[in-house]
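Only one structure is covered here, and it is reproduced in the block below.
Derivation of every value follows stated rules applied to the coordinates shown; laboratory data play no part. Everything numeric in this text was worked out from a predicted model, so none of it was measured. Every residue, glycine as well, gets a Cβ built from its backbone with ideal geometry; the counts of neighbours run over all protein chains shown.
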Amino acid sequence: MLKNVFLKTLRDQRVSLAWWAVGIAALCLFLVAYYPTVSRTPSLIEFMEEAPDWVKAFIGESAEDYTSPSGFLHGELFFVMAPMLFIIFAVSRGSAAIAGEEGKGTLDLLLANPIPRRRVVLEKAASMAAATLGLGLVLWASLSVGAALFDMDISPANLAAASLSCVLLGLVFGNLALAVGCLTGKRGRSVGIAAASAVTTFFVYSLSGMVKALKPWSRISPFYYYIASEPLKRGLNAAHALVLLAASLALGALSVFLFERRDILV
Amino acid sequence: MGEAAILTRGLTKYYGRSRGVEDLDLVVERGEVFGFLGPNGAGKTTTIRLLLDLIRPTRGTAEVLGMDVRGRGVDIRRRVGYLPGELALYENLTGEELLRYLANLRGGADWRFTRSLAGRLDCDLSQAIKTLSRGNRQKLGIVQAFMHRPELLIMDEPTNGLDPLVQLEFHRLVRERRQEGTTFFISSHNLPEVERMCDRVGIIREGGLAAVDEVESLKRKALRRLEIHFAQPVPPEAFAGIPGVRDLRVEGRTLTCSLAGSVDALIKAAARFEVLNVTSPEVSLEEIFIHYYREEPGGGGEGHA
């Protein structure tokens, strides 16, 4: 595991990655186990039907069928919780990659080796992507297993589509954190800017359902490409997934560009 | 071959708050041990980090082993060993894991040689780095700089934190590698250490090279302080006009002075009286510099002084 920067970066986070996997699996199984209770509660159905528009708008378009498997998972997991977790994870990796190591002072030692800076950035970005994808697999596997165990009628393919979208969304902000770290070398700034962008674009997207003025702006939000195509119901929208992927790649390339050009802080 | 190990022309780096270095023209020949001497904050670390392409010059150029540091950093670093001044290591690894990682990034290292280096410096490789003392971390830093047998070793304050016995072993290591043709560029703020290890010395002060000299001639010129304690009060006139002596003060039975060059005449003058003790308090670098500027007009003292 000490062969190169990519593997070393994965190795450094093996313990935390294991806990993240356990946490996500537990959350998924708990939610799915809870589903039979929800689907058989008439008052909840009534409540959702009578809920004011702004509540529905906030929980998402699928609020009307909150008690269907995809509606339930959308409202309980994929609208807020899962993207939040994946963004937190990816941003923490993205900010640790360069700015974190720079803050600890180990970057001097690393960059004194005969490897170009761009390779350090790319290997670290690849390690972030691999770890996030691994968590996405955990998300998908635990939901699929849970669905089978508790008779939840939802296709594993759609679960895979939603999980992958979640990974791609997380990586957009992870790469943003990487880019800010590559520009400034400051971990706090990198986390702060990425988190603020995530919150802002989340609200731009979620409020665009009822605030007319925001409607045209919803498409600049990564959340639009994450969830607007309803991957839980309709499977993966390749175009939307590609937009997220392209945004990640662009931010990754920007990271290399920025990092090649600047002084390493002491 | 033929070209210098390190060559800088007008190398300049300005920072926001600190000065960095200014118009540094430096030549380090192959095979020599070059001491880069200066007080903290004079620009030693800045110069070294410019040579490793960790920071970029405001203007001027630098070549290492005949290659431009900006264009061919990777090729340079393949042949250079580096010990950072503010050494930070991966806390979560053991010493051995750290060395394996760094060796892997270099495409491998001679592991028997690495182990023998660690053994000589009494460096325990099995301990987690987070449990190591400052001195033991420094030893790991030295081992990683030497382990791939680089042609040029750039070391920023290498003996920082080392206990005296390990310092001696380090000096021995430098001498051995020098025999094999390795070039050293070693920064230090400790004159006696530089005198012991180096062939030539560059003195850096306030971001500029104040002087470059052979260690032998530096020793001749270097300012020392001397205190002589006599059994009886001595007449000041007995010590007047001795060459190289300045700031002479005789108070009762104690003589103090500063001295550059040979101590011979002063000792002979003192020998006419009963001498109880001779001591030589260490002279600060700053005093040596001041002396240098007084001795050598145009020796680079212009600028910020």
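Here is how the numbers come out for the structure above:
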item: Paramagnetic reach from B:Tyr14 in segment B:28-61 [backbone N under 13 Å; point 7 Å along Cα→Cβ]; result: B:58-60
item: Modelled label reach - B:Arg72, point 7 Å along Cα→Cβ, segment A:233-266 residues with backbone N closer than 17 Å; result: none
item: Which listed pairs, of A:Lys8/A:Lys104; A:Lys3/A:Lys186; A:Lys124/B:Lys139; A:Lys104/A:Lys124, have C-alpha distances above 20 Å, in listed order; result: A:Lys3/A:Lys186; A:Lys124/B:Lys139
item: Proxy reagent accessibility, fewest Cβ within 10 Å first, across B:Glu180, B:Glu157; result: B:Glu180, B:Glu157
item: Orientation-averaged projected area, Cα convex hull of segment B:223-282 (nm²); result: 3.5 nm²
item: Length-normalised contact order for segment A:5-260 - Cα pairs under 8 Å, 6+ apart - percent; result: 26 percent
item: Label-point gap, in nm, between B:Asp124 and B:Glu176 - each point 7 angstrom along Cα→Cβ; result: 2.3 nm
item: Computed [θ] at 222 nm, helices only, for chain A once each DSSP H run of length n ≥ 4 contributes -39500 (n - 2.57); result: -23500 deg cm²/dmol
item: Distance between modelled label sites at A:Arg262 and B:Glu86, nm, 7 Å Cα→Cβ extension; result: 1.5 nm
item: Inter-chain shielding of B:82-88 (mean C-beta neighbours from other protein chains, 10 Å cut-off); result: 5
item: Between segment B:194-248 and segment A:7-23, the alpha-carbon center distance in angstrom; result: 59 Å
item: Percentage, to the nearest whole number, of Cα pairs in chain A over 28 Å apart; result: 38 percent
item: The protein assembly as shown: antiparallel DSSP beta bridges as a percent of all, rounded to 5; result: 65 percent
item: Residue mean of other protein chain beta carbons inside 10 Å, B:98-106; result: 5
item: Linear extension gain, B:Arg253 paired with B:Thr61, 0.36 nm per residue minus alpha-carbon span; result: 63.5 nm
item: Label-reachable residues, segment A:123-159, where backbone N falls under 13 Å from a point 7 Å from A:Asn4's Cα toward its Cβ; result: A:123-127
item: Normalised contact order of chain B, rounded percent, pairs of Cα under 8 Å and 6 or more residues apart; result: 19 percent
item: Over segment B:223-282, relative contact order from alpha-carbon pairs under 8 Å, at least 6 apart, %; result: 51 percent
item: Hits among lysines - C-alpha to C-alpha of A:Lys233 under 24 Å, sequence gap 8 or more where chains match; result: A:Lys56, A:Lys215
item: Percent antiparallel among DSSP beta bridges (both partners in segment B:6-219, rounded to 5); result: 50 percent
item: Translational diffusion coefficient (Stokes-Einstein; Kirkwood radius from C-alpha pairs) of segment A:136-178 at 20 °C, 1.002 mPa s, in µm²/s; result: 194 µm²/s
item: Square roots of five times the Cα gyration tensor eigenvalues for chain B, Å; result: 40, 24, 16
item: Estimated FRET transfer efficiency (A:Leu137, A:Ile220; beta-carbon r; R0 35 Å; 0.05); result: 0.75
item: Proximal lysines to B:Lys13, defined as alpha-carbon separation beneath 18 angstrom and excluding residues fewer than eight positions away on the same chain; result: B:Lys44
item: Point-to-point label distance, A:Met84-B:Ala240, nm (Cα→Cβ direction, 7 Å offset); result: 9.0 nm
item: Residues A:Trp217, A:Trp20 arranged by fewest to most Cβ contacts within 10 Å; result: A:Trp217, A:Trp20
item: Within straight-line cross-link reach of B:Lys130, aspartates and glutamates at Cα separation under 12 Å, skipping those fewer than 8 residues along the same chain; result: B:Glu91
item: At q = 0.07, 0.08, 0.10, 0.13 Å⁻¹, base-10 log of I(q)/I(0) for the protein assembly as shown (Debye sum, equal scatterers on each alpha carbon); result: -0.58, -0.69, -0.90, -1.21
